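Chemist: Can you keep this structure in mind? I'll have questions shortly.
The values are calculated or read from the model by the stated rules, or taken from the named source; none is laboratory data. Keep in mind that this is a model prediction, so the values were computed, not measured. Every residue, glycine as well, gets a Cβ built from its backbone with ideal geometry; the counts of neighbours run over all protein chains shown. Please note that ligands, DNA and RNA were not included when accessible areas were found on the heavy atoms of the full protein model with its side chains. Shrake-Rupley method; radii C 1.70, N 1.55, O 1.52, S 1.80 Å.
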Amino acid sequence: MTVKHRTQVGIVGAGPAGLLLSHLLALGGVDSIVIEARSRAYCEARQRAGMLESTTVQLLRAVGLGRRLDAEGLEHDGIYLQFGGERHHVNFRELTGGRWVTIYAQTEIVKDLIRARTADRAALEFEVSETEVAGLDSDHPVLRYTDSAGQRHEVTCDAIAGCDGFHGICRPAIPRGGLRLVAERSYPYGWLGILAKAPPSTDEVIYCRHEDGFALHSMRTPEVGRLYLQVPADEDITRWPDDRIWDELQRRLGVPGWELQTGPILEKGITPMRSFVATPMQYRRMYLAGDAAHIVPPTGAKGLNLAVADVAALATALIRLLRDGNPALADAYSEHCLERVWRATHLAWWMTAMMHVVPGQDPFESALQLAQLRNLVTSRAAATMLAENYTGYAPLRYDPATRVVPTPLWPWVA
Ligand code: RFL
Ligand code: PHB
């Protein structure tokens with residue numbers, strides 16, 4: 001027998017997008033249910049992003065999620081750009097008149113969100129299976145799933161939010177012709193990422209272009225480093241024993257007088273690189289947010305930040321629709337988000353193309369990469385362009401009086 005329920009917003013996926021959406025909707029007085037295929041432990045341990053735009057930090061603080069972020073997050077003024085054996089600091093705070101970036105792991109944001117939703121007695125179900133969305137051509141789409149005890153459920157909703165990541169079921173459920181443009185680009189390399197019990201050997205994140213490929217030195221805490229190496233897209237991780245990883249990181253990241261501190265590797269994995277944008281990000285009363293709608297290669301550190309910006313806009317739109325009866329923002333949701341999505345897609349593509357070196361690459365390509373990097377560290381205008389795009393776009397200012405993030409149509413123009 002199927003148990004039938006009713007809620008206002010059915011949310012598929014308990015990643016940062018789905019969880020934050022449900023939190024923002026609750027603040028605005030809108031009910032939701034979040035269903036998640038994986039276990040809570042899996043969601044809380046999945047290693048991913050770490051770099052937050054100041055706009056993301058400000059929003060999380062304003063909606064009551066800043067306590068641990070403020071205590072444990074590492075605030076950075078900028079990044080290092082390294083190429084040709086030289087390391088240069090780019091000071092975002094100075095270039096943008098005060099914007100910064102914060103290192104705080106996605107795992108920790110997910111833990112904070114799950115704790116907040118659970119304390120709020122939110123409807124949040126882990127380990128569901130056979131998720132389906134139906135009735136997408138009506139004003140009351142339906143969410144169906146089987147819970148961890150094997151019970152089938154059917155939830156009638158006023159809206160569905162597809163926050164189920166790139167491999168989710170919501171985007172493919174859009175009827176034929178519902179997506180106007182699906183733009184995609186894959187890259188011939190991936191990132192081998194490690195989490196290591198080794199104190200970071202740098203105060204701020206290092207992006208390094210090396211003749212043998214890109215390397216990135218990031219961190220999680222003062223004791224734990226997060227580092228990445230460019231590897232071929234189809235690389236086999238068993239070809240990378242720990243010693244080889246550390247040797248290659250030292251070789252690519254090394255500059256005279258600098259030593260990379262090593263330590264036990266706690267986790268390692270290879271991530272493919274892809275750009276992807278599905279347009280529009282909505283079909284009638286189903287809205288896509290975060291990786292379900294778009295993917296960027298991690299070089300610009302944009303994926304999580306875009307997911308946060310999407311759901312800030314979506315929560316506002318759904319609160320206006322379902323609490324106040326005004327559909328204008330819900331109708332304009334995709335158009336609103338896509339401006340930011342394409343800016344970030346460009347930044348991530350551009351940084352990726354500038355920093356990665358493929359074996360046997362055309363010398364013309366290499367010279368162009370180096371010319372761009374040289375421009376970034378010698379021209380204030382060029383560095384400011386990077387700083388503005390990297391630290392975030394329009395501010396996400398939460399308004400406690402209306403309990404939404406005001407989202408005028410083209411905020412970055414203002
Ligand atoms: P998620 O996190 O993929 O969550 C989607 C959730 O949906 C669930 N799901 C389902 N649930 C129920 N039924 C189904 N049928 C379902 N199908 C799927 C999944 O189990 C999952 O829990 O998407 P979301 O919320 O949109 O969040 C996006 C971010 O996770 C992603 O963009 C970032 O991690 C990208 N990213 C980075 N972003 C940044 O802003 N800054 C960074 O520094 C940064 N570094 C990174 C990154 C991503 C990386 N990888 C591994 C892809 C570094 C790496 C290496
Ligand atoms: C990370 O800390 O995991 C990180 C930082 C910067 C990036 C990507 C990932 O561009």
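Chemist: Give me the log10 of I(q) over I(0) for region 306-393 at q = 0.25 Å⁻¹, as the Debye formula computes it from C-alpha points; what are the numbers?
Modeler: -1.17
Chemist: Kindly provide the Kirkwood hydrodynamic radius of region 185-273 in Å, to one decimal, from all pairs of distinct alpha carbon atoms.
Modeler: Final number for the Kirkwood radius of region 185-273 is 13.1 Å.
Chemist: Give me the tail of P(r) for region 135-290 as a percent: Cα-Cα pairs with distance above 22 Å.
Modeler: 58
Chemist: Please grab the % of Cα pairs in the chain that end up more than 30 Å from each other.
Modeler: In whole percent, the long-distance tail amounts to 42.
Chemist: What ranking do 302-315, 206-219 get when scored by the average of other Cβ atoms within 10 Å per residue, highest first? Please list the in-between numbers first.
Modeler: Values: 302-315: 27.7, 206-219: 21.4.
Highest to lowest by the protection proxy: 302-315, 206-219.
Chemist: Okay, moving on. Cα centroids of region 1-35 and region 85-156: how far apart, whole angstrom?
Modeler: Cα centres, region 1-35 to region 85-156: 10 Å.
Chemist: Of the beta bridges DSSP finds with both residues in the chain, what % are antiparallel, to the nearest 5? Let's see the in-between values first.
Modeler: On the way: 55 of 78 bridges.
That works out to approximately 70 percent antiparallel.
Chemist: Related question: Quick one: check the C-alpha center-to-center distance for region 188-213 versus region 324-386, whole angstrom.
Modeler: 20
Chemist: In addition: Membrane-span-like helices in the chain: DSSP H runs reaching 18 Å or more (Cα, own axis), mean Kyte hydropathy at least -0.5? Display every interim value, and only then the final one.
Modeler: Numbers: long enough: 106-119 (19 Å, -0.30); 303-322 (28 Å, 1.69); 333-355 (33 Å, -0.14); 363-378 (22 Å, 0.26).
Correct list, ordered by number: 106-119, 303-322, 333-355, 363-378.
Chemist: Using a 1.4 Å probe on the protein chains only, how many percent of the accessible area of region 324-414 belongs to carbon and sulfur?
Modeler: 63
Chemist: Starting from the Cα of Val255, move 7 Å in the Cα-to-Cβ direction to define the label point; list residues of region 363-383 whose amide nitrogen is under 18 Å from there.
Modeler: Within reach of a label on Val255, which here means backbone N under 18 Å from a point 7 Å along Cα→Cβ, region 363-383 contributes 370-380, 383.
Chemist: Region 224-306: D in µm²/s via Stokes-Einstein (Kirkwood Rh, Cα pairs, 37 °C, 0.692 mPa s)? Write down the numbers at each step before the final one.
Modeler: Working: Rh = 15.8 Å.
For these conditions, the coefficient is 207 µm²/s.
Chemist: What distance in nm separates the simple spin-label points at Ser39 and Ala332, each placed 7 Å from Cα in the Cβ direction?
Modeler: Between Ser39 and Ala332, the simple spin-label model gives 4.6 nm.
Chemist: Can I ask one more? Output the relative contact order of region 301-405, whole-number percent, from Cα pairs under 8 angstrom with separation of 6+ residues.
Modeler: 29
Chemist: How far apart, in nm, are two points set 7 Å out from the Cα along the Cα-to-Cβ line at Arg397 and at Leu27?
Modeler: Inter-label distance under the simple model: 1.5 nm.
Chemist: Run the quick spin-label model on Arg185 and Asp212: label points 7 Å from Cα toward the beta carbon, then report their separation in nm to one decimal.
Modeler: Label at Arg185, label at Asp212, 2.8 nm between them.
Chemist: Now for a different question. What percent does the relative contact order of region 185-273 come to when contacts are Cα pairs within less than 8 Å and at least six residues apart?
Modeler: Result for region 185-273 is 45 percent.
Chemist: Using Cα-Cα distances under 8 Å and only pairs 6 or more residues apart, what relative contact order does the chain have, in percent?
Modeler: That works out to 21 percent.
Chemist: Can you compute the FRET efficiency between Leu368 and Arg46 using 1/(1 + (r/R0)^6), with r the Cβ-Cβ distance and R0 = 35 Å? Round to the nearest 0.05.
Modeler: Working from the Cβ atoms, E equals 0.45.
Chemist: Place the peptides 16-24, 346-354, 170-178 in order of packing, highest mean first, counting for every residue the other Cβ atoms within 10 Å and averaging per peptide.
Modeler: Answer by packing, highest mean first, reads 16-24, 346-354, 170-178.
Chemist: Right, another one. In square angstrom, what is the accessible area per residue of the chain with a 1.4 angstrom probe?
Modeler: That works out to 41 Å² per residue.
Chemist: Same structure, new question: Order 2-15, 85-98, 357-370 from most to least packed using the mean count of other Cβ atoms within 10 Å.
Modeler: Result, highest mean Cβ count within 10 Å first: 2-15, 85-98, 357-370.
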